[in-house]
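S.K.: Quick one: the structure is below, questions incoming.
The values are calculated or read from the model by the stated rules, or taken from the named source; none is laboratory data. Note that the structure is a prediction, hence the values are computed from the model and not measured. For neighbour counting, all protein chains shown are included, and Cβ atoms are generated from backbone atoms with ideal geometry for every residue, glycine included.
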Amino acid sequence: MKKLFNLKGVVLNIILLCTLHFTQYSAFAQPISSDELINNAKLFDGKSVIYIGEVVGDIMIRGEYAWINVLDGKNAIGIWAGKDLIKGIAYTGSYKFKGDVVEVSGVFHRACLQHGGDLDIHAQSLTKIIAGRPTQEMPNFKKGNTVILLLGALVLIWILTLLKRR
Amino acid sequence: MIRKPNIEDVKGIGYYLGKIIIGLGLTMVIPIIIGVAFKEINPTLDFIISIEITLLFGLLLTRLCFTEKDLNWMQGMIIASLSWIAATLFGALPLYLSGHWNSFLDACFDAMSGFATTGLALVENLDHLSYAHNLWRHLIMFIGGQGIVIVALSFFVKGFSGAFKMYVGEARDERVLPNVIDTARFIWLVSIVYLILGTLALGIVGILNGMKTINAFFHGACVFMAAFDTGGFAPQSQNILYYHSLPYEIVTIMIMLLGAINFKLHYHIWMGNRREVFKNIETITLFMTIMLTFAITAVGLVKLGTYPQAVALFRKGFYQLVSGHTGTGYMTIYARQFINEWGDLALVGIIIAMGLGGSVCSTTGAIKMLRIGIIFKALIEDLKKIILPEHAAVVQKFHHIKEIFLEDKQVRAALFITLAYLVLYGFGAIVGMFFGYPFLHALFESTSAAANVGLSCGITNTTMPAALKFTYIFQMWAGRLEFMSVFTLAGFMAAAIKGK
């Protein structure tokens, strides 16, 4: 009876391991969020991953390669990509621009040996999936009115101060 | 019997507090200029609204509380402590108006973090923040690093004896020059000269890294202000990891170390007395404690195989360590990596480094090297007394600009402040544990807040409980002011209620 229970346990463990193994691989074929990558860095280390996000900040060309930083809404992750891969990037995110959203396929590194231990992705392919654009900054009239109102109050106090001095 | 504060006390405090608020308001002209230069309409309006509100309050206070009387010690201390609260409230206005902070409390958290040169941040979507707001985040570190009162002393207060009382209240117990206003101006001179050199160095490295010229110099100025003032804010959400650059990390390490040095020592270096660097108790203690805490951290990291290469160990282990020890808080890793990958031993190394801090009369927080050195010397003296024959006269000296004989009152003062810091670190850790965080994580974040460091293991985020945000705000404030002016304010409030 005891042996039967042991056998059951072994079978269950094998099923569990297989499930974990296959779900793991199927997950790698799906886009993975920055939170998942950072929180499970050891699990994804050296594996091929797909990562989607907005290119933010500068495109930093380093020889035949470049660094771009891709923000998925939670965190930005550094992408090390060949110069030819990033040719299509027209906009990078900042106050005045919504950056291009790209899908990066590449190898994830928890502590990249080539880059001094950085957590990064070495891109093998990079596709622009949503084009970026300049953001329209509409002047906020409520703020404009508040400026005028407060300026009036400030001038009033200033004048009262001057009158009091006289 | 406790004396109830009278109307003259309140007027004295209100008048000089008003002046400091006006001074602070005028610093908002700088982000307005940046907003106009970069054609950022709404951010410029945010700062115009904020400057108007700040000047209104400042003017009203100076008019309502007008007095020609000089300050006493209690008033000076209270002004120092209240000016930091006022700076937080008014400094948070433009941040909140930007819409990048979820609540006014979050904006106040970042404003206190900025002024106290901590670096813990609750900003949302930092990568899309305007130049004007981003500059303000770093400028408040620059102002807070020199000291809010120093700003007023330098530009808005024409020499009066009460100046020294406010200066001391802001945790600056050493005068570089005999006159406190000259001291304030010297601190600004040093900072401005280094600002120009540091911005140039970081700007050039940024361009070589492939950044656009305008961004390279804007980032250079921001990163310098936050590094020299041991703050820790950065223009992008990835902090220093954004740059993916060893030269950038080396330059920031040098700036962080410069920021952790006593302004008095800067003065002596500037005057050609470079040998002082090798003799001074603070620089020697700083070197020793960096080596010791790095050894602990490195052993922890090597044991776990976190960084299997010397370069990676330097760029991650040593960088975070120096950043923590100098109270800066710059990071080249993600906050969760501390918890997931560093292990307890490496975390303990960083916590000790954060708790120790840099030099007195510098821009760092925490216990500070002079006190650690004095306590160590006192320990040696006591050991000698035990070992040597009873009739032997034991005299202990230390070198801090000049040879100084160790006295009991110095040891008592050093131990008192050290104990106060340890209590503050523990208090935040207990509150963190109350909200369900494990001991080491709670202690890490608490020490980071109270020692004005800014390294985070991930507890600090917009979803953390409001009570914990208030706790960290209090810790940043009390830690930056080194307790005396905070105790004085508490005493003043108690006297107002219970005094006769």
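S.K.: Check B:Phe287, B:Phe218, B:Phe224 and return the single one that is part of a helix (DSSP H, G or I), more than 26 Å from B:Met476 (Cα to Cα) and either assigned by TED's automatic domain parsing to the domain that holds B:Thr328 or more than 22 Å from the chain's Cα centre (by Cα) (or both).
M.R.: B:Phe218
S.K.: For B:Glu341, work out the one condition from (1) in contact with a strand residue (DSSP E or B) (Cβ under 8 Å, 6 or more places away or on another chain); (2) more than 13 Å from chain A (Cβ to nearest Cβ) it doesn't fulfil.
M.R.: (2)
S.K.: So is A:Gly82 in contact with a His (Cβ under 6 Å, 6 or more places away or on another chain), more than 12 Å from chain B (Cβ to nearest Cβ) and not β-branched (Val, Ile, Thr) or not? Let's see the steps before the verdict.
M.R.: Numbers: in contact with a His (Cβ under 6 Å, 6 or more places away or on another chain): no; more than 12 Å from chain B (Cβ to nearest Cβ): yes; not β-branched (Val, Ile, Thr): yes.
Answer is no for this residue.
S.K.: I've got another one for you. Taking into account only those residues within the range A:56-79 that are within 7 Å of chain B (Cβ to nearest Cβ) and more than 15 Å from A:Asp100 (Cβ to Cβ), which is nearest to the chain's Cα centre (by Cα)?
M.R.: A:Asn75
S.K.: Provide a single number: the residues in the range B:290-318 that are within 14 Å of chain A (Cβ to nearest Cβ) and part of a helix (DSSP H, G or I).
M.R.: The number of residues fulfilling the criteria is 14.
S.K.: Now a separate question. If I ask for residues that are free of Cβ contacts under 8 Å to residues at least 40 places away in the same chain and facing chain A (nearest Cβ under 9 Å), which ones from the range B:14-41 would you list?
M.R.: Answer for the range B:14-41, where residues must be free of Cβ contacts under 8 Å to residues at least 40 places away in the same chain and facing chain A (nearest Cβ under 9 Å): B:Lys39, B:Ile41.
S.K.: If you don't mind, another one. Within the range B:422-464, count every residue that is polar (S, T, N, Q) and touching a Pro at 6+ places or on another chain (Cβ under 6 Å).
M.R.: Count: 0.
S.K.: List the number of the failed condition for B:Phe474; all other conditions in (1) under 15 Å from the mean Cα position of the chain (by Cα); (2) in contact (Cβ under 8 Å) with a residue 40 or more places away in the chain hold.
M.R.: So the condition that B:Phe474 fails would be (2).
S.K.: Looking at the range B:381-399, I want the residues that are outside the structural domain of B:Arg371 (by TED's automatic domain parsing) and have a partner that is in a loop (DSSP other than H, G, I, E, B) and surrounded by 13 or more Cβ atoms within 10 Å (Cβ to Cβ) with Cβ atoms under 6 Å, at least 6 apart or on another chain. Which pairs are those?
M.R.: Listed by first residue and then by second, the contacts come to nothing, as the list is empty.
S.K.: Is it fair to say B:Glu341 is assigned to a helix (DSSP H, G or I), at pLDDT 95 or above and touching a Ser or Thr at 6+ places or on another chain (Cβ under 6 Å)?
M.R.: For B:Glu341, the condition - assigned to a helix (DSSP H, G or I), at pLDDT 95 or above and touching a Ser or Thr at 6+ places or on another chain (Cβ under 6 Å) - is met.
S.K.: Having 2 or more residues that are over 27 Å from B:Ala310 (Cβ atoms), touching a residue at least 24 places away in the same chain (Cβ under 8 Å) and in contact with a Lys or Arg (Cβ under 6 Å, 6 or more places away or on another chain) is the bar; report the strands (runs of 3 or more DSSP E) wholly within the range A:55-144 that clear it.
M.R.: Correct list: empty, since no element meets the threshold.
S.K.: On to the next question. Looking at the range A:121-149 only, could you name the residues that are among the hydroxyl-bearing types (Ser, Thr, Tyr) and at the interface with chain B (Cβ under 9 Å from one of its Cβ atoms)?
M.R.: Of everything in the range A:121-149, those that are among the hydroxyl-bearing types (Ser, Thr, Tyr) and at the interface with chain B (Cβ under 9 Å from one of its Cβ atoms) turn out to be A:Thr135, A:Thr146.
S.K.: Return yes or no: is B:Gly432 in contact (Cβ under 8 Å) with a residue 60 or more places away in the chain, surrounded by 24 or more Cβ atoms within 10 Å (Cβ to Cβ) and of a type outside the set (Lys, Arg)?
M.R.: It is false that B:Gly432 is in contact (Cβ under 8 Å) with a residue 60 or more places away in the chain, surrounded by 24 or more Cβ atoms within 10 Å (Cβ to Cβ) and of a type outside the set (Lys, Arg).
S.K.: On to the next question. Taking the range A:95-120 as the region of interest, how many residues are more than 24 Å from B:Glu124 (Cα to Cα), within 14 Å of chain B (Cβ to nearest Cβ) and in contact with a strand residue (DSSP E or B) (Cβ under 9 Å, 6 or more places away or on another chain)?
M.R.: Going through the range A:95-120 one residue at a time, the tally reaches 8.
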